1. Test of understanding: what is the full-extension gain from Gln223 to Glu456, defined as 0.36 nm times their sequence separation minus their Cα-Cα distance?
2. For Thr152, list long-range residues whose amide hydrogen, built 1.01 Å from N in the peptide plane, is under 5 Å from its own amide hydrogen.
3. Are any of the pairs Lys231/Lys262; Lys140/Lys230; Lys140/Lys231; Lys231/Lys298; Lys230/Lys298 more than 18 Å apart by Cα-Cα distance, and if so, which?
4. Please order Asp271, Asp172 by the number of other Cβ within 10 Å, starting at the fewest.
5. Give the calculated FRET efficiency between Tyr363 and Ala291 to the nearest 0.05, with a Förster radius of 56 Å applied to their Cβ-Cβ distance.
6. Multiplying the sequence separation of Ala134 and Arg468 by 0.36 nm and subtracting their Cα-Cα distance, what value in nm do you get?
7. Output the Cα-based Rg and Dmax of the range 315-376 in Å, rounding Rg to one decimal and Dmax to a whole number.
8. Hey, could you get me the Stokes-Einstein D for the range 148-472, Kirkwood radius over alpha-carbon pairs, 25 °C and 0.890 mPa s, rounded to whole µm² s⁻¹?
Amino acid sequence: MNNKNYRGNARKKRLTKIKRNRLLRQLPFYIIGMLIIGLLGGLTYLGGTKLAAQIASGRGENPEAEGNDNPSSDETSPEETASLTYTVPDTVSAADALLSEADRIAAGYDYDGAIQLLQNSEFAGSDQVTDAIAEYEAIKATLQPADYHTITHVFFHSLVMDEAKAFDGDDDEAGYNQVMTTKDEFLKILDSMHEKGFVLVRLHDIALMTQGDDGQMHMTPQQILLPEGKKACVMSQDDVCYYPYMTGDGFASRMVIGSDGKPACEMTMDDGSVSVGAYDLVPLLEEYIQAHPDFSYKGARAVIAFTGYEGILGYRTSSSYSDSPTYEQDRQAAAAVAQCLRDNGWELASHSWGHRDMGTIDYDKFKADCDKWENEVETLIGDTDIILFPFGADISDWHPYTHENERFNYLKSLGFDYYCNVDSSPYWVQLGGDYIRQGRRNLDGYRMWKDIEAGEGSPDRKLDDLFRAEDVFSSNRPTPVEWS
Ligand SMILES: [Zn+2]
């Protein structure tokens, strides 16, 4: 069944019904209105005030009584009609608002949440609410559980907002060209993935540590229910620290809480002023999901990963900055933004403190790095159980982790249960007894260039299930994009 059409038709039917019901319900008010007009007309005739005449004429032309939905076309001023304001139009718009909100929740696949909202409302039992609930129940019956083995995971770094500044020939250009994605590329990737049916889920939607019958904690797959044709995917962003070296190269400078309470970014403009807006993945994805609620499963966003050595989110919160006069203030601001991210559906993760190769550095250094991340970053962002390995460098090969692996034991002791490396296969998921591992795919300049270089139809292309690299790759990038 094509759920989209089904939903669209049902919604149209419901709206027609609402309009019909509205007219029927307004009929008695219309009659009362006519009676009042008669009465006021009489008053005017008997030397009543000019105001009464105005009320009468305003009343007679009330567009609501004619079934016109636009109350602003009523030319009578609010003061003049205040005493005679209808209550029905408000009630109708409240019912409409409720149904729209339920539709928005259902668009994010939370059909139970939408049904609950309607059932607990003052309009429960009305025809349109009953119809809407029946519609959601019908869609629910068609949902398919996602196979967790096939869930893809894509990742990005800070997005290039100003391509001219990032690709300007300076020493950092090659690095940006390889591992960064531009804003326009990112938006094209979102459109393509959305069109192909991808839906963002949280790592915690895929599997959760739960207590088994044996009293032990086990990583347990969770059911993700989606309409046919929809595919679950995870997204993450690494190094969301706005490192000092990126200053002046066309990136955001830090993340803040926007005036709407949602995460936003600051960026320094050419005239030196600081603008707040959608200057990186987080606010861009917030905007995208606002416009396309069916791109997010039950409010899921992406995983945001932090190192610690230069602080997080653009705030210099690392201990090496403790002499800064704004150090405490910066730490508090970073913690508030991290909480704002969590409140809006984002998951937070470790990317190691020093961006280290966690598989090969000496074990002492490995432990020290983990401890430093716990002390300097987790104290700001709260408990997290996700680690996204820098360079994709895992703590073992592809074989399942065992408790013979001291690095795994140490990370487990710190509370990590979700481990992500880098792998260009469409999907790689390994469910262990007490952990889950997932491969992540880099959607950056280097990977896109490799697809373009391989040519159409080549088995070396890795991105075609998500988007066609030729349609996305920015013409402002220096080519070829080489790995250095
Ligand atoms: Zn990194």
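1. Values: separation 233, 0.36 × 233 = 83.88 nm, distance 3.64 nm.
Separation in residues times 0.36 nm, less the Cα-Cα distance, equals 80.2 nm.
2. Val234
3. Working: Lys231/Lys262 27 Å; Lys140/Lys230 14 Å; Lys140/Lys231 16 Å; Lys231/Lys298 14 Å; Lys230/Lys298 14 Å.
From Lys231/Lys262; Lys140/Lys230; Lys140/Lys231; Lys231/Lys298; Lys230/Lys298, over 18 Å: Lys231/Lys262.
4. Values: Asp271 6, Asp172 16.
Going from sparsest to densest Cβ surroundings: Asp271, Asp172.
5. On the way: r = 48 Å, r/R0 = 0.85.
Once the sixth-power term is evaluated, E becomes 0.70.
6. Details: separation 334, 0.36 × 334 = 120.24 nm, distance 3.93 nm.
Contour length minus the Cα-Cα distance gives 116.3 nm.
7. Cα-based Rg and Dmax for the range 315-376 come out at 13.8, 38 Å.
8. Details: Rh = 20.3 Å.
Taking Rh from Cα pairs, D becomes 121 µm²/s.
Since every read-out is calculated from the coordinates, none of them should be taken as a lab result. Predicted model, so just to flag it, every value in this text is computed and none were measured. So basically every Cβ, Gly included, is an ideal-geometry build from the backbone, and we count neighbours across all protein chains shown.
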